[in-house]
Amino acid sequence: MICETPEAFVAEIPAMGALAGLDLGTVTIGVAISDIMRSVATPAETIKRKKFGLDAAKLLELTTHRLVTGIVLGLPLNMDGSEGPRAQATRAFARNLSKLTPLPITFWDERLSTVAAERALIEADTSRKRRAEVIDHVAASYILQGMLDRMAHLRNQP
C-alpha cells in the first residue's frame, strides 16, 4: 500500500515498530532503520543494485529480519518541487515493491539529504574513501529522520 502523505502513512502503521528509510540510487540503495519507538534513524547498510527482483528480495529480507512496520522512500524532487525522471523511477519502484509486501510505503522529500549527509561526514573528518562507502545509508538516515520528526510533530498536535 502506497500512502501519499505522512498522515495517511501514520494511519496505516502500528503505533510502535521500526521503520525503514531508503535512499534509492541508480547504483545503490541506502538503507536506514529506526528504533521501535521511532525517535532515531540509524544508517544500516548500502545495497548494490542488480535488478529489481534481487533488490526487492534483499530489502524484504532486511525488513523482515529487523521487524520493520513501514517503508519511507526518499523522493528526489527537483529544486522547484516538481517531479522529474528520477522521482518517476522512485514511484515506479514503490509501485512494484508494494506488490511484493503488505508494508505501507510512503515518500519523503529528499532534496539536499545527500548534501547534508556529505557535510556531516566531512565534519566528522571521514576519509573520502569511507564517505563513498557510507554516503547512501547516511543519506537514508536523513530521509527517515525527517519522517520521524514529522510523525512526532503529528502526535503532538491537539
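The values are calculated or read from the model by the stated rules, or taken from the named source; none is laboratory data. Computed from a predicted model, the values in this text were never measured in an experiment. Backbone-built Cβ (ideal geometry, glycine too); neighbour counts: all protein chains shown.
Within the bounds of the range 48-57, is there any residue that is modelled with pLDDT of 90 or more and in contact with a Ser or Thr (Cβ under 7 Å, 6 or more places away or on another chain)?
The answer is yes, given that some residue of the range 48-57 is modelled with pLDDT of 90 or more and in contact with a Ser or Thr (Cβ under 7 Å, 6 or more places away or on another chain).
Report yes if G17 is in contact with a Ser or Thr (Cβ under 7 Å, 6 or more places away or on another chain) and on the phi > 0 side of the Ramachandran plot, otherwise no.
Yes, satisfied.
Return yes when R86 is modelled with pLDDT under 95 and among the basic types (K, R) and no when it is not.
For R86, the condition - modelled with pLDDT under 95 and among the basic types (K, R) - is met.
Just name the residue that is farthest from G17 (Cα to Cα) out of those in the range 123-158 that are assigned to a helix (DSSP H, G or I), acidic (D, E) and modelled with pLDDT of 65 or more.
So the residue we want is E123.
Considering only the range 38-88, state which residues are farther than 20 Å from V10 by Cβ, outside any strand (DSSP E or B) and either touching a residue at least 60 places away in the same chain (Cβ under 8 Å) or among the basic types (K, R) (or both).
R49, K50, K51, K58, R86
Return yes or no: is T26 outside any helix (DSSP H, G or I), within 15 Å of the chain's Cα centre (by Cα), on the phi < 0 side of the Ramachandran plot and exposed (fewer than 13 other Cβ atoms within 10 Å of the Cβ)?
Values: outside any helix (DSSP H, G or I): yes; within 15 Å of the chain's Cα centre (by Cα): yes; on the phi < 0 side of the Ramachandran plot: yes; exposed (fewer than 13 other Cβ atoms within 10 Å of the Cβ): yes.
Criteria met by T26.
Across the range 92-122, which residue is modelled with the lowest pLDDT among those that are charged (D, E, K, R) and surrounded by fewer than 21 Cβ atoms within 10 Å (Cβ to Cβ)?
Within the range 92-122, the subset charged (D, E, K, R) is 95, 99, 109-111, 118-119.
Now restrict to residues that are surrounded by fewer than 21 Cβ atoms within 10 Å (Cβ to Cβ): 95, 99, 109, 111, 118-119.
Details: R95: 96, K99: 96, D109: 87, R111: 69, E118: 66, R119: 70.
This residue is E118.
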